[in-house]
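Here is the structure we will look at.
Any read-out appearing in this document is the output of simple, stated calculations on the displayed coordinates, not a laboratory observation. Since this is a predicted model, take the numbers as computed values, not measurements. Positions of Cβ are backbone-derived with ideal geometry, glycine not excepted, and every protein chain shown enters the neighbour counts.
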Amino acid sequence: MKKQVVLYKKLSPLLMARLHEQTEVTLIDSLDAEGLAKMREALPKAQGLLGASLKLDAALLDLAPDLEAIASVSVGVDNYDIDYLTERRILLSNTPDVLTETTADTGFALILASARRVVELANMVRAGHWKRNVGPAQFGTDVHGKTLGIIGMGRIGEALAQRGHFGFGMPVVYHSHSPKPAVEQRFNAQYRSLPQLLQEADFVCLTLPLTAETEGLIGAEQFALMGPETIFINISRGKVVDEVALIDALRKGQIRAAGLDVFEREPLDSASPLLRLDNVVATPHIGSATHETREAMAKCAVDNLLMALAGERPVNLVNGLAWKG
Ligand code: NAP
């Protein structure tokens with residue numbers, strides 16, 4: 001008998017066909033109240049789950065006593081209670097690597113847009129307010145040659161360092177749990193404590209996961225260490241930053257600008273003070289959002305799920321302790 005899968009992410013026809021071939025699929029079209037009710041109905045029979053952008057807590061997963069595997073279409077796994085899944089021996093997989101370069105591209109788009117005021121000035125042109133040559137009041141600041149600070153030197157951090165070092169001649173400083181000798185050699189990068197990095201970098205970029213340890217890592221105390229020329233970039237998760245402290249730092253001119261792809265609450269409230277600040281570039285969590293990368297992520301998730309449901313160890317298993325071998 002085919003295994004039951006609850007799918008809460010739309011897939012391409014090709015991937016959908018693969019999943020249908022090997023499993024019985026219940027598709028949840030959208031994660032509104034109706035969709036969630038449909039999901040609750042399907043969970044009691046489900047062996048597999050595939051999707052993203054939904055907090056799967058114990059209250060929901062307790063409805064699925066036969067659940068064997070969850071394939072998340074994301075690299076970040078902050079939507080899952082890993083201890084709970086491991087205790088229930090539910091295999092959680094994610095989609096690393098395939099989104100690394102695209103997410104680093106997004107990081108660099110935010111660096112360039114914030115420094116050169118691309119969105120603000122493009123809006124000025126669009127509004128018909130370009131009447132004379134721009135002057136110092138509209139000038140931006142250089143990116144090339146400035147110091148790139150990376151907090152979380154993992155896959156995406158490294159791809160950002162590569163762009164900064166080779167593409168823009170930027171000295172790279174970074175902070176992580178531990179020094180990375182290979183990265184230091186490749187990009188001439190230098191390890192710093194967090195306070196040192198915040199004081200030294202022209203661009204402070206967050207590329208670490210949201211965990212109990214990183215939640216609220218950057219708050220008022222950390223913004224106070226940055227300078228009035230610092231540009232703050234967040235492509236990790238919104239909750240790593242105290243957003244009230246960020247807004248305060250931007251308003252006070254404690255930092256120059258911010259490029260933000262992620263927010264404490266998403267979608268960002270249209271009343272957010274962040275949207276009233278000209279020195280903020282805000283994008284709607286598009287780190288990995290290209291046709292090619294989203295398809296590669298979905299394929300990776302389908303592969304992981306089908307492996308798990310076939311009794312094989314998924315390539316991107318997150319909770320290795322749940323594997324029975
Ligand atoms: P990764 O390879 O695991 O890298 C994360 C790095 O963060 C690791 O090198 C780790 O350092 C470091 N780190 C973790 N906790 C830390 C802490 N408390 N202090 C300092 N460094 C810490 O992950 P990745 O593939 O680069 O992805 C990183 C995150 O980006 C994901 O978890 C996700 O939340 C986010 N992301 C966002 C988007 C988007 O759409 N905006 C897209 C993709 C990913 P050590 O190696 O020293 O332990």
Item checked: For q = 0.18, 0.20 Å⁻¹, Debye-computed log10 I/I(0) when each Cα of the range 43-97 counts as one equal scatterer -> -0.52, -0.64
Next item on the list: Order the peptides 70-82, 296-308, 21-33 from the highest to the lowest mean number of other Cβ atoms within 10 Å of their residues.
Entry: 296-308, 70-82, 21-33
Notebook entry, point to check: Over the Cα atoms of the range 25-64, Rg to Rh with Kirkwood Rh, two decimal places?
Noted result: 0.90
Check: Counting other Cβ atoms within 10 Å of each Cβ, which trypsin sites (Lys or Arg not before Pro) in the range 99-202 have at most 14 and sit in a DSSP loop?
Finding: Lys131, Arg132
Item checked: Charge context of Ala161, other residues only, Cβ under 12 angstrom, K/R +1, D/E -1 -> +2
Check: Which values, in whole Å and largest first, are the semi-axes of the equivalent ellipsoid of the range 21-162 obtained as the square root of 5 times each eigenvalue of the Cα gyration tensor?
Finding: 44, 21, 12
Checklist line | Net charge, Asn123 excluded, C-beta distance under 11 Å - Lys, Arg +1, Asp, Glu -1 | finding: 0
Item checked: Net lengthening on full extension, Lys2/Leu112 (0.36 nm per residue, minus Cα-Cα) -> 34.7 nm
Notebook entry, point to check: Per residue of the chain, what 222 nm ellipticity follows from adding -39500 (n - 2.57) for every DSSP H run with n ≥ 4, rounded to the nearest 500?
Noted result: -10000 deg cm²/dmol
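Can you give the Kirkwood hydrodynamic radius of the range 188-325 from its Cα pairs, in Å with one decimal?
Details: mean 1/r = 0.0581 Å⁻¹.
Value: 17.2 Å, from the Cα pair sum.
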Next item on the list: With only Lys, Arg, Asp and Glu charged, each at its Cβ (+1 for the first two, -1 for the last two), find how big the charge dipole of the chain is about the Cα centre; round to the nearest 20 debye.
Entry: 700 debye
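Exposure proxy check: Thr283, Thr207 ranked by fewest other beta carbons within 10 Å? Working shown, then result.
Numbers: Thr283 18, Thr207 28.
Result, fewest neighbours first: Thr283, Thr207.
Neighbouring Cβ atoms within 10 Å as the yardstick, rank Leu7, Leu121 fewest first.
Ascending Cβ contact count within 10 Å gives the list Leu121, Leu7.
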Next item on the list: Count the net charge of all other residues whose Cβ sits under 13 Å from the Cβ of Glu295, scoring Lys and Arg as +1 and Asp and Glu as -1.
Entry: +3
Check: What is the diffusion coefficient of the chain in µm²/s, taking the Kirkwood radius over Cα pairs and the Stokes-Einstein relation at 10 °C with a viscosity of 1.306 mPa s?
Finding: 75 µm²/s
Next item on the list: Using Cα centres only, tell me the gap between the range 215-282 and the range 167-205 in whole Å.
Entry: 21 Å
Note to self: Given N residues in the range 1-80, what is its alpha carbon radius of gyration divided by 2.2 N^0.38 Å?
What the structure shows: 1.02
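For the range 161-228, what is Rg from Cα atoms divided by 2.2 N^0.38 Å, rounded to two decimals? List each step's numbers first, then the result.
Details: Rg = 12.6 Å, N = 68, 2.2 N^0.38 = 10.9 Å.
Rounded to two decimals, the normalised Rg is 1.15.
Restricting to Cα pairs below 8 Å that are 6+ residues apart, what does the relative contact order work out to for the range 152-199? Please round to a whole percent.
Details: 44 pairs, mean separation 17.2, N = 48.
Once divided by the residue count of the range 152-199, the mean separation gives 36 percent.
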